[in-house]
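Notes follow the structure.
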Amino acid sequence: MENLTTYPKKRLSIIIEAPFLNRLLDQLERLDVPGYTALPALAGKGKSGSWQRDSLSSEVGGMVQVLIVLDAEKVSSVLHAVR
């Protein structure tokens, strides 16, 4: 096996309503975040109770999860900006 170089990174996971996804991704671009992936969130439970994607009548109430990979020193500034 060839030598594999790894780099220490942090992973943030942000779950938001689908209509806000583009706004979040624009903010991540402005902050020069090097990597992220947006995924559909299928079910969950939070402040408003439990929910499942198949029980939602439209994308308006749908949720997405954005996984972000970045250097540890950028975590605080990203969290502050997206909050």
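The values are calculated or read from the model by the stated rules, or taken from the named source; none is laboratory data. Source: prediction; values computed, not measured. For neighbour counting, all protein chains shown are included, and Cβ atoms are generated from backbone atoms with ideal geometry for every residue, glycine included. For the accessible areas, the whole protein counts, side chains as well, though only heavy atoms, and no ligand, DNA or RNA atoms are used. Shrake-Rupley method; radii C 1.70, N 1.55, O 1.52, S 1.80 Å.
A few notes on this one:
- Mean ellipticity per residue at 222 nm, deg cm²/dmol - from DSSP H runs of n ≥ 4 across the chain, formula -39500 (n - 2.57): -6000 deg cm²/dmol
- Taken per residue, the accessible surface of the chain reaches 78 Å², heavy atoms only and a 1.4 Å probe.
- Note, ³J(HN,Hα) from phi for the range 72-78, Karplus 6.51, -1.76, 1.60, rounded to Hz, x at Gly and Pro: 4, 5, 8, 4, 4, 5, 5
- Share of carbon and sulfur in the accessible heavy-atom surface of the chain [1.4 Å probe, %]: 52
- Candidate values [x] 14.3; [y] 13.5; [z] 15.6 were compared with Kirkwood radius over Cα pairs in Å computed on the shown model; the agreeing label is [x].
- Solvent-accessible ranking of 37, 6, largest area first, probe 1.4 Å: 6, 37
- Protection proxy ranking, highest mean first, for peptides 38-48, 64-74: 64-74, 38-48, where packing is the per-residue count of other beta-carbon atoms within 10 Å, averaged.
- Residue-span extension gain [residue 5 to residue 39] - 0.36 nm each, minus C-alpha spacing: 9.5 nm
- Degrees between helix 21-30 axis and first principal axis of the chain (Cα, 0 to 90, nearest 10): 20
- Max mean-square fluctuation residue, GNM over the chain, Cα-Cα springs under 10 Å, options 49, 35, 62: 49
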